[in-house]
Every structure is written in C-alpha cells, then in structure tokens.
Amino acid sequence: MPNLSLTHRMTTYMAWADDVMLKNAEQLPESDLSAPRDTLFKSITGTFDHTLVVAEMFQAHLEGRTHPHIARHRSEVLAFPEVARRLREMNEYYVSLAQTWTEKELAETIKFEFVGGGRGAMTREDILLHLVNHATYHRGFVSTLLFPFRIKFAANDLTVFLRDVWPKMAARLKEEAV
C-alpha cells in the first residue's frame, strides 16, 4: 500500500505546483526569465534556482553527505531550462522519499550545518515540510515577478491541487498497489 500521508501529499503538491509555475514561466523567452530584477535572487530564473539550491542542500543532509554550496544561491545562476529540468527531477526525488519512508523513518532526526553557520537538526518529515513551505513562498514571489507579463497563468494553489489533482493521484496509487 502506498504511503498517502500528509508528508507524501504535500511533497506531491510541491512537485505539481512547481511544475505549474515552471510551465507558466516557460511561456516567456529566456531573456525575460534571466533579466536582472531588483530582487534578492536577481531574476525569475535566480529565484527558481535558489529553490533548487536549498533542495540540493537538504538532499545532501538527508543522504549524509556534504554539498558544494557555500550560500543559499549559486554564484552563477543556471540557465532556466536546466533549472526547470533539475527542479522537476529533485521534486520527484522528494515525492519518492515521502512515499517510501515509514513513520519511524520520517521521525528520525537529521543533524547538519547551515551554510550561514550554526548547527541544525530536523526530522526527515520536518525537512520535507520545510521544502514544501519554502517552495510555496518562492512560487508566490515568482507570481509577482510574472504578473507584469500578462501571460496565461495557471493556478498552483493547494486548494486547486486538493480538488482537481490529489483525489485522482491517490486513487491511482491505491489501484497500483493492489
């Protein structure tokens, strides 16, 4: 039987919502996505890349290895197509973990060092839920950056996911487990 826990549902939401937002952004040319903006991560692509960097750092923490990042962003942002590809792959990684980990494994505490200094300790479940929340925050910011372009904008809200997407996914997963 697949794990249809809150953690699995929320990581699945993150993957779906990021994909929706990436598709929204993919309507624009690379030049608009990478154009300098007066924002923390300097561009639309930079904001998506920041989300990816944080996901890469926590992947390393969960796998008990070091990561190459010395900040919450890269010194040189990847091109948007690469960011989009890698973010989608990373999200599938997290969905898979959330679906396969037991409650005991989700409750295990992972210790790590923050890139800004200081020690951290979070359960696997807390890490996954942090990533979901973190991605949601930055998708909201990207929405603001995309708004002036007046593109056709698909919604990526949790309510839309729970109404239109999750029931079908959950039913399919249950059928596949039989």
(message) Looking at the range 58-68 only, could you name the residues that are in a loop (DSSP other than H, G, I, E, B) and surrounded by 15 or more Cβ atoms within 10 Å (Cβ to Cβ)?
(response) His67
(message) I'd like the full set of residues that are buried (at least 16 other Cβ atoms within 10 Å of the Cβ), among the charged types (D, E, K, R) and part of a loop (DSSP other than H, G, I, E, B), limited to the range 20-45.
(response) Lys42
(message) What pairs come out if I take residues in the range 62-83 that are on the phi > 0 side of the Ramachandran plot and pair them with residues that are of a type in the set (Lys, Arg) and modelled with pLDDT under 95 whose C-beta lies under 6 Å away, six or more apart or interchain?
(response) none
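Got a sec? Which of Ala84, Ala17, Ala55, Ala98 is surrounded by 14 or more Cβ atoms within 10 Å (Cβ to Cβ), touching a Lys or Arg at 6+ places or on another chain (Cβ under 7 Å) and within 30 Å of Glu176 (Cβ to Cβ)?
On the way: Ala84 fails: touching a Lys or Arg at 6+ places or on another chain (Cβ under 7 Å); Ala55 fails: touching a Lys or Arg at 6+ places or on another chain (Cβ under 7 Å); Ala98 fails: touching a Lys or Arg at 6+ places or on another chain (Cβ under 7 Å).
Of the residues listed, the single one that is surrounded by 14 or more Cβ atoms within 10 Å (Cβ to Cβ), touching a Lys or Arg at 6+ places or on another chain (Cβ under 7 Å) and within 30 Å of Glu176 (Cβ to Cβ) is Ala17.
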(request) Just name the residue that is farthest from Asp126 (Cα to Cα) out of those in the range 101-110 that are in contact (Cβ under 8 Å) with a residue 40 or more places away in the chain and either touching a Ser or Thr at 6+ places or on another chain (Cβ under 7 Å) or among the hydrophobic types (A, V, I, L, M, F, W, C) (or both). (result) Trp101
(message) Among the residues of the range 72-100, what is the count of those that are in contact with a Ser or Thr (Cβ under 8 Å, 6 or more places away or on another chain) and among the aromatic types (Phe, Trp, Tyr)?
(response) 2
(message) Please verify whether Arg139 is among the basic types (Lys, Arg), closer than 17 Å to Tyr94 by Cβ and either modelled with pLDDT of 95 or more or surrounded by fewer than 16 Cβ atoms within 10 Å (Cβ to Cβ) (or both), treating the condition exactly as stated.
(response) yes
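Tell me, which residue of the range 136-174 that is in a loop (DSSP other than H, G, I, E, B) and not small (Gly, Ala, Ser) is farthest from the chain's Cα centre (by Cα)?
Of all residues in the range 136-174, those in a loop (DSSP other than H, G, I, E, B) come to 150-157.
Remaining after also requiring not small (Gly, Ala, Ser): 150-153, 156-157.
Working: Arg150: 24, Ile151: 22, Lys152: 22, Phe153: 19, Asn156: 13, Asp157: 14 Å.
Ranking the qualifying residues of the range 136-174, first place goes to Arg150.
Against the definition (aromatic (Phe, Trp, Tyr), surrounded by fewer than 14 Cβ atoms within 10 Å (Cβ to Cβ) and at negative phi), how does Phe147 come out, yes or no?
Working: aromatic (Phe, Trp, Tyr): yes; surrounded by fewer than 14 Cβ atoms within 10 Å (Cβ to Cβ): yes; at negative phi: yes.
For Phe147, the condition - aromatic (Phe, Trp, Tyr), surrounded by fewer than 14 Cβ atoms within 10 Å (Cβ to Cβ) and at negative phi - is met.
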(message) Being among the small types (Gly, Ala, Ser) and farther than 22 Å from Trp16 by Cα is the requirement here; does Gly64 meet it?
(response) yes
(request) Could you check how many residues of the range 105-135 are buried (at least 18 other Cβ atoms within 10 Å of the Cβ) and not in a strand (DSSP E or B)? (result) 9
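Take Val20 and tell me if it is farther than 24 Å from Thr123 by Cα, within 17 Å of the chain's Cα centre (by Cα) and among the β-branched types (Val, Ile, Thr). Explain how you work it out, then say what you get.
Numbers: farther than 24 Å from Thr123 by Cα: yes; within 17 Å of the chain's Cα centre (by Cα): yes; among the β-branched types (Val, Ile, Thr): yes.
Answer is yes for this residue.
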(message) So the check is Cβ under 6 Å with 6+ separation or different chains; which pairs have a first residue in the range 10-31 that's in contact (Cβ under 8 Å) with a residue 40 or more places away in the chain and a second one that's assigned to a helix (DSSP H, G or I) and among the small types (Gly, Ala, Ser)?
(response) Thr11/Ala98; Met14/Ala135; Asp18/Ala135; Leu22/Ala84
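The values are calculated or read from the model by the stated rules, or taken from the named source; none is laboratory data. As the structure is a prediction and not an experimental result, all values here were calculated from the model. Quick reminder, even Gly has a Cβ in these numbers, built from the backbone with ideal geometry, and neighbours come from all protein chains shown.
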